[in-house]
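We did not get these values from a lab; they are worked out from the coordinates using the rules stated. It should be emphasised that the depicted structure is a prediction, and the values quoted were computed from it without experimental measurement. So basically every Cβ, Gly included, is an ideal-geometry build from the backbone, and we count neighbours across all protein chains shown.
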Amino acid sequence: MLRMPVLQHIQNSTDFMLAYALDPLTIGILIAVSAGIFEEGFRFLFRQFLIKPGECSILQPIIFGLGHGIAEALIVLIPALSLAPVSQLGLAFLERVLAIILHINLTIVVWNGFQKNKKFLYLLIAIAIHGFVNSLIPVFSSFPNSIALIEGALAVTDIIMTGYSYYSSKYYVQGRNSHEEIKN
C-alpha cells in the first residue's frame, strides 16, 4: 500500500521520465526489486513486532502469505474485471494463483529467519527472490512469447520454493519435537 503512492509520485517526476526513456530495462528492474524490498520488509516488520510467540507452526506463515497474496490478487484483479469479460481473464487468474503461491513461499522464507535466528539473512534472501521473479517482467517483455516465459519461470520458481517450504517445516513446532534444537 505504501509502495504504489511512492512509485506514482516518482513516476511523475521529470528525472524519472528521462531515466526511463534512456534505460527502460534498468528502471523496470529497479521498480521490480522495489516490490521485494517493500513487501518482504513489511512481512519482516509484521513478524518482528506484531506476531508472538517466537516459535510457531508452519501454518502461521502459510496463512499470512495466503492472506497477503489474496489481498494483492484482489487489488490487481478487481480493476481488470471492469475492463475485460471474465472469460478473457483466465491467464490473469492463473498468474494470480502462481503469485499467491510465491507469496506463501516467500513468507515462509522470512519466517524461517526468525525460526533459525538469522532474520536479516533470510529477509535479504526473500528480497532477492522476489526481486528476481518480478525482474523477469521487464527482462522478458520484449520477447514474442513473453507471457509464457514469465509465467513459466514463475511456475518453476513456485515448484522449487514449494519444495524448500516443505523441507522447512522441520523448523516449526509441529515439524520437530518440542525438545529438539533447530539445526542450521
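Annotations for the structure displayed:
- For the peptides 53-60, 141-148, the ranking by packing is 53-60, 141-148, with the highest mean count of neighbouring Cβ atoms within 10 Å listed first.
- Span-rule helices in the chain, defined as complete DSSP H runs reaching 20 Å or more along the axis (Cα) with Kyte mean at least -1.0: 24-50, 59-83, 90-115, 119-140, 146-168
- Total lysine pairs in the chain at Cα distances under 16 Å, for residues eight or more apart or on different chains: 8.
- Of the peptides 26-32, 15-21, 114-120, the ranking by mean beta-carbon count within 10 Å, highest at the top, reads 26-32, 114-120, 15-21.
- Whole-Å distance, taken between Cα centres, linking region 9-29 and region 36-113: 27
- Across 124, 102, 50, mean-square fluctuation computed from a Gaussian network of the chain (C-alpha pairs under 10 Å connected) peaks at 50.
- Volume per residue for region 3-175 equals 131 cubic angstrom (convex hull of Cα atoms).
- The listed peptides 37-43, 6-12, ordered by packing as a protection proxy, come out as 37-43, 6-12 (highest mean of other Cβ atoms within 10 Å first).
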